[in-house]
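Novice: Shown below is the structure under consideration.
The values are calculated or read from the model by the stated rules, or taken from the named source; none is laboratory data. Note that this is a predicted model, so its numbers are computed, not measured. No Cβ is skipped: glycine too gets one built from the backbone with ideal geometry, and neighbour counts run over all protein chains shown.
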Amino acid sequence: MPQTDRRHFIGGSTAAILLAATARAAPADDWTRAEAIVARVRPPRFADRTIDIRAHGATPGGQASCTAAFADAIAACAAAGGGRVLVPEGRWLTGAIRLLSGVELHVAAGATIAFSTDPADYPIVPTRFEGVELLNYSPLIYASDVRDVAVTGTGTIDGQGAAWWSWSGGARYGWREGLPSQRAARARLFAMAEENRPVAERRFGNGDYIRPNLLQFQRCENVLIEGVTLRDSPCWNVHPVLSRNVLMRGVTVTGLGPNNDGCDPESVDGMVIEGCTFDTGDDCIAIKSGRNADGRRIGVPARDIVIRDCTMHAGHGGVVIGSEMSGGVENVFAERCRMSSPNLWYALRFKTNAVRGGRIAHVRARDIDVGVVERAAIICDFNYEEGAKGDFVPELDDVLVERLVAENAVRVLDAKGLPQAPIGRLALHDCRFDGVREESFVQRVTELELVNVRVNGAPVTTLG
């Protein structure tokens with residue numbers, strides 16, 4: 001293959017631009033690997049058994065608590081050898097639900113699981129908050145150290161998150177001076193993690209106001225989330241942690257509250273997200289692997305993740321990696337996604353800093369259809385939050401974006417490395433960006449490769 005004309009530069013405010021008439025070929029097994037991930041992440045199989053929550057005392061109407069009925073039905077199903085726990089048509093009020101191995105929680109058409117807004121209905125369990133381990137309120141639907149579990153159906157899971165959102169401390173979510181806020185507890189938790197305090201000592205709950213997530217699968221194997229609508233989570237929506245073989249398909253996630261990420265695969269090994277729709281108050285999909293010292297202590301990367309045929313509306317980013325990625329992220333594939341909203345900040349977003357550290361590598365995106373984005377089509381941000389003020393060098397390398405078409409992008413690219421940590425190879429092939437009104441920011445990028453890239457109809461060989 002003929003050598004391309006290269007100019008390399010690291011540091012300063014000038015980007016290294018690789019002017020290429022011929023693209024350097026990506027490894028031949030890139031998308032073959034993606035297909036292999038899809039082939040191995042298969043839905044779990046369940047026993048042919050159905051247990052109706054009404055048989056265990058559940059009462060519809062959304063007034064009487066069904067917490068005990070859910071627990072009894074799930075326990076009975078697991079004890080019998082597994083199967084389906086049926087949530088029939090109607091509105092069912094409950095506190096925390098804990099899934100057991102071999103159980104599929106099926107939310108039927110016309111059914112709504114409405115979660116209690118009373119924190120007392122959520123027992124203290126080992127969990128994670130923003131990439132840090134702690135003991136805190138149970139996620140609304142929680143599974144830990146189990147296998148072959150699912151949440152399915154065409155019904156709705158309503159987190160009733162507006163009752164929790166003011167705890168974020170954000171005025172736009174109802175917080176005012178004198179009201180409860182998680183800010184002090186959050187800072188204390190992060191300090192405890194930096195001090196390597198044992199997780200058993202990181203006990204939070206009543207009086208700390210740290211919000212739970214909607215669905216969390218912790219150290220689970222063979223997980224399916226399919227078909228349901230998730231609405232108004234107190235915090236993150238779908239949060240698989242240290243889990244293997246996770247399939248999320250045909251799910252609709254809505255909620256414009258604080259930290260209402262749609263899906264946060266954290267230190268997972270093998271996940272497929274397909275045919276899902278996101279309209280969120282934070283990142284639509286954000287891949288993570290632990291925050292700072294806690295992420296390095298656990299040291300498990302997120303790897304082998306495929307995202308395809310998804311739709312993203314409002315959100316801080318469509319497909320995102322970071323910022324809690326201290327354990328590293330590798331082998332991420334995104335294809336055939338549609339992203340558009342005046343309230344979508346970025347289509348593809350990478351965010352980290354010198355406190356997080358960690359390595360992001362081997363990211364592929366192709367056939368991404370972007371309508372409107374508010375800030376830029378792509379951002380690689382090493383200055384997120386603490387920026388350069390840390391001792392851990394973040395890495396971002398081997399990113400290839402093919403056939404991304406943006407109809408209305410204010411800016412094509414915002415890529416800023418750090419003096420001690422330049423961004424590695426970033427390649428854009430066969431991409432088109434229209435509606436561009438501002439120049440790109442390209443600083444401290446080791447290698448930027450542009451092949452057949454057009455901005456407002458004109459071919460470009462440089463950005464910034």
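Novice: Filter the stretch 309-334 down to the residues that are out of contact with any Phe, Trp or Tyr (no Cβ under 8 Å at 6 or more places or on another chain) and either surrounded by fewer than 23 Cβ atoms within 10 Å (Cβ to Cβ) or on the phi > 0 side of the Ramachandran plot (or both) and list them by number.
Specialist: 309, 314, 328, 330, 331
Novice: Follow-up. What number of residues in the stretch 392-415 are closer than 24 Å to residue 293 by Cα and either at pLDDT 95 or above or in contact with a Pro (Cβ under 8 Å, 6 or more places away or on another chain) (or both)?
Specialist: Counting residues in the stretch 392-415 that are closer than 24 Å to residue 293 by Cα and either at pLDDT 95 or above or in contact with a Pro (Cβ under 8 Å, 6 or more places away or on another chain) (or both) gives 5.
Novice: Which members of the stretch 377-433 meet the condition of being in contact with a Cys (Cβ under 8 Å, 6 or more places away or on another chain) and either of a type in the set (S, T, N, Q) or assigned to a loop (DSSP other than H, G, I, E, B) (or both)?
Specialist: 417
Novice: Hey, could you check the stretch 308-324 for residues that are of a type in the set (A, V, I, L, M) and within 11 Å of the chain's Cα centre (by Cα) and say which is farthest from residue 359 (Cα to Cα)?
Specialist: 319
Novice: So residue 260 fits all but one of (1) of a type outside the set (D, E, K, R); (2) part of a strand (DSSP E or B); (3) buried (at least 24 other Cβ atoms within 10 Å of the Cβ); (4) within 14 Å of the chain's Cα centre (by Cα); what number is the exception?
Specialist: Among (1) of a type outside the set (D, E, K, R); (2) part of a strand (DSSP E or B); (3) buried (at least 24 other Cβ atoms within 10 Å of the Cβ); (4) within 14 Å of the chain's Cα centre (by Cα), residue 260 violates only (2).
Novice: Could you list all residues from the stretch 87-108 that are under 21 Å from residue 45 (Cβ atoms) and surrounded by fewer than 21 Cβ atoms within 10 Å (Cβ to Cβ)?
Specialist: Within the stretch 87-108, 100, 101, 108 qualify.
Novice: While we're here: For the stretch 27-36, name all the residues that are modelled with pLDDT of 95 or more and surrounded by fewer than 19 Cβ atoms within 10 Å (Cβ to Cβ).
Specialist: 31, 32, 33, 35, 36 - these are the residues of the stretch 27-36 that are modelled with pLDDT of 95 or more and surrounded by fewer than 19 Cβ atoms within 10 Å (Cβ to Cβ).
Novice: Considering each of 132, 146 in turn, give the residue that is farther than 20 Å from residue 261 by Cα, modelled with pLDDT of 95 or more and β-branched (Val, Ile, Thr).
Specialist: Just a single option satisfies the conditions, and that option is 146.
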